[in-house]
Each structure stands twice: as structure tokens, then as C-alpha cells.
Ligand SMILES: CC(C)(COP(=O)(O)OP(=O)(O)OC[C@H]1O[C@@H](n2cnc3c(N)ncnc32)[C@H](O)[C@@H]1OP(=O)(O)O)[C@@H](O)C(=O)NCCC(=O)NCCS
């Protein structure tokens, strides 16, 4: 049984392994994760990612390390607008904290005991003066001194290290043209690095499992827009609320996906990226193309799409009145505010099935996956209504459906109420897909 589960899980992971080879992941881990030992298991998974050909940039934080060193040296903590004011004494502490943190991270990434997953791995960690910083300056009359902000990332230099198969370890510090070092925040730095490297993913490790609903239920996917609305609602855990704006910014600036994963859960990094469901929260770019429920205002566009197909006998004729009556069952595909596709779903709950009908994509927009998106929308709707199959009647598009998991079936498989309306002149074939 266990062997079977292993085989199935490994096969489930295979498409992701292919997809991620050569892609860049920027992983941001807080100083807390380094401090309390949670990083040890993550280090194994990072090693595995690199061995699978993923280009990993690890950005680490040092907040608690700075705090304990300040305490030990009896140096006062200074904050303004939620940012640390880094005076010269504090900057010395920052440098110490970075030194210790880097050594610890490098040590953990170098483990390779024979009975560990890292046995045989020869991960090399690269560092360097990749980050140019500038002072944050004087805010509301407060001189932030050595607290800085990112000015430039030497993405080419980082890329060269990644090309060589190394992991780039980036600490929250940047150097200025005047030869000084500045204290940066891990979140801002990781976001800049991801954007400048055009990374595939930006990942933050959080206290919980990710973004949650008010009742505590995990939200596994969000668009940037939904993430913004969730932030406005104001009920998120503190660290999620702190990281989410960086995820939104990254996705808006070209990173396809940002993720929040648990910093405690062993293997969270692998489960989130190599299983279908994941176990954290994924924030995706706002789609340029979306499928949405149709409204009365869309009827003109729907008619423009389907009339030529009705004239060719590909679709059955539908009057405007008929469309108006059933508009609640239609969805349209919108791209940049224009309608390029439509589909209808007529549910037959008593027969535990639904009919997919009136599927059309504008001729100029075909072969771009829009048809597939409309089909997926209907499948999703049917599943959410608890239905277990989908059927379609078609005269000329049989293969398109067969290639997407439909199988030809006899008319007797249709719900009785639908059989009564079967058009014997059209002689459409029936195709069914189990959901
Ligand atoms: C069927 C239709 C909705 C597909 O839309 P689309 O956005 O082009 O779909 P996708 O991009 O997801 O798929 C394109 C693929 O389907 C193939 N395809 C298109 N029409 C097909 C057909 N009638 N039979 C078999 N395959 C077809 C294309 O050749 C392309 O194949 P490729 O990926 O190997 O190049 C669109 O062609 C259409 O509007 N057709 C006219 C209306 C129609 O037939 N509706 C179904 C009525 S039941």
C-alpha cells in the first residue's frame, strides 16, 4: 500500500519536476525560522529542489538575531514608522547577526550524512555584493542612518552563479557607492530580487499555513485582486498581512506566482509545489483573460459569436428571447474587456449530470486555449453543484471533446427530459465525461 502511494505521489510530482527545471524560485525565510531550528528540514528540501534543476535564491532575515544581540550589548532598540533606525552601533550588530546567520545557513545546506536525503548532494552556496543600497534618509525629521532601501540588484551576477548550479544566498544588507553597508528588510529585498531575476516564484515561509478565511479555513489560491480585498478586510494573521503586499507587488510586476507556506510543517515546500492541491496559499497574477457569468448586456456579443456558427449548422439556432431567458446559464470569456467566447451549462440535477452547450470561440482567437478554459469553467461549475458527469451533443466537434476526456455514448444515456428534445434531423452524437 505504501509502495503504491509512493508511486502515485511520485507520478503526481513528475509534471511539476519537468515544469520547474531551469526556473528560478526566490525563497524568503525569516530570522525566526533560522533561529528555532525549522530551517534544518527546509534545507533538505531546498537541496532536493536544486538537484531537480530549480535555480534557488535564498533570502534570509535576521530580526530576532539582531534583537538578542542588541539586548546582550545593552544597545537601545530604535524604531520609526515600523522600521528599525540603524545607528552605527546597531549596524555593527547587524553585521554580526548576518555573519552568524550565513554560517548557520551554509552549514545546514552542507549536511550530507549517509542516512539523510542530502547524501550525495554537493550544493554550493554563492554570496557576494549583488545588492546596491541607498540610505532611506530622513523620515519625518528622523534620520534613519544605516537603514537602507534597495537601489539595484546585479541580476546578471546572480544569474551566473545560478547557471553554475549554485544556490545564491542573499543577506538583508546592501552596499552603497560610498562603500557603506545598509540594513535592508528581507521582504523588500526578496521581492526586488525576484522581480529583477524574472523569477517563476517568490515564496515566503509563515507562522501558519498561509492566508485564511475569517473562520480560519486555509485559502489555497488567490488572485492579486482577491489578496488585496482580503488585506482590506483586515482579519489576516499579522505575518500574512505583512507578506501579502509583497506577493501582490511581485505578481503585478511579472512574477507568475507567489506562495505562502508553513515554516513549521515538515516538507511544506515540496507539498506546495509538487502536489495538485498544495498546502499553503498561492497568489497568482490577475488574469488578463477571464471566464465570467454572462449578463443581459452580453447578449449582443454572444449573438455575434454564434450566428455564423448557427448558419453553418455547427450550433443549433437560439432566439434572442431564448438567450435572455437562459442567460443565467451562460458564461463568456473576456479578454481586455472584449468578449471572445461563450458557453452554456444546463444542469439536470435529478440525473446527476449537466449539458455543456453553445461552446464557441471567435475564429480570430482560436487555438489559444480559450475553448479549453470555457470547458474547465463548466466542469468547475458542474462539480461545485455536486454533479458527476457532463454531456455534450455535437455534429462536427467530436474529436475536440474526445481529446478532452469525453467518450461517445448512446442517446439513452441522456436525461429523459433531454431525450424528448433530441433533434433527429441534426443527428448529433452524444459524448459524456465523468467528473
Ligand atoms: C471548438 C472550439 C470551441 C475550440 O476553441 P479553441 O479556443 O480553438 O480551443 P483550444 O485552443 O482549447 O483547442 C484548439 C485545438 O482544438 C482543435 N480543434 C478545433 N476545432 C476542432 C474540431 N472541430 N474537431 C477537432 N479538433 C478541433 C484545434 O485544431 C486545436 O488543436 P491543436 O491544439 O492540436 O492545434 C472552437 O473551434 C469553436 O468555436 N468551434 C466552432 C463551434 C463549435 O464547434 N462548438 C462546439 C459545439 S458542440
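The values are calculated or read from the model by the stated rules, or taken from the named source; none is laboratory data. Nothing here was measured: the structure is a model prediction, and the numbers come from that model. Neighbour counts are summed over all protein chains in view; Cβ atoms, including those assigned to glycine, are modelled from backbone coordinates with ideal geometry.
For residue 170, indicate whether it is at pLDDT 95 or above and exposed (fewer than 13 other Cβ atoms within 10 Å of the Cβ).
Numbers: at pLDDT 95 or above: yes; exposed (fewer than 13 other Cβ atoms within 10 Å of the Cβ): no.
No; evaluated as a whole, the condition is false for this residue.
Taking segment 278-304 as the search range and keeping residues that are within 30 Å of residue 200 (Cβ to Cβ) and within 15 Å of the ligand (Cβ to nearest atom), which one is modelled with the highest pLDDT?
Taking segment 278-304 as the starting set, the residues that turn out to be within 30 Å of residue 200 (Cβ to Cβ) are 278-292.
Add one more test, that the residue is within 15 Å of the ligand (Cβ to nearest atom), and what stays is 289-291.
Numbers: 289: 84, 290: 88, 291: 93.
Residue satisfying both the conditions and the ranking: 291.
Modelled with pLDDT under 95, closer than 30 Å to residue 165 by Cβ and within 29 Å of the chain's Cα centre (by Cα), is that true of residue 41? First the steps, then the outcome.
Numbers: modelled with pLDDT under 95: yes; closer than 30 Å to residue 165 by Cβ: yes; within 29 Å of the chain's Cα centre (by Cα): yes.
Yes; evaluated as a whole, the condition is true for this residue.
The residues of segment 350-370 that are more than 6 Å from the ligand (Cβ to nearest atom) and either buried (at least 16 other Cβ atoms within 10 Å of the Cβ) or in contact (Cβ under 8 Å) with a residue 60 or more places away in the chain (or both), listed by number, are 350, 351, 353, 354, 355, 356, 357, 358, 362, 365.
So which residues in segment 305-322 are within 14 Å of the ligand (Cβ to nearest atom) and outside any helix (DSSP H, G or I)? Passing the criteria: 312, 313, 314, 315, 316, 317, 318. Considered as a group, the residues in segment 391-435 that are assigned to a helix (DSSP H, G or I) and more than 13 Å from the ligand (Cβ to nearest atom) include one that is surrounded by the most Cβ atoms within 10 Å (Cβ to Cβ), and that residue is 418.
Candidates 373, 345, 325: the one that is modelled with pLDDT under 95 and either outside any strand (DSSP E or B) or within 14 Å of the ligand (Cβ to nearest atom) (or both) is 373.
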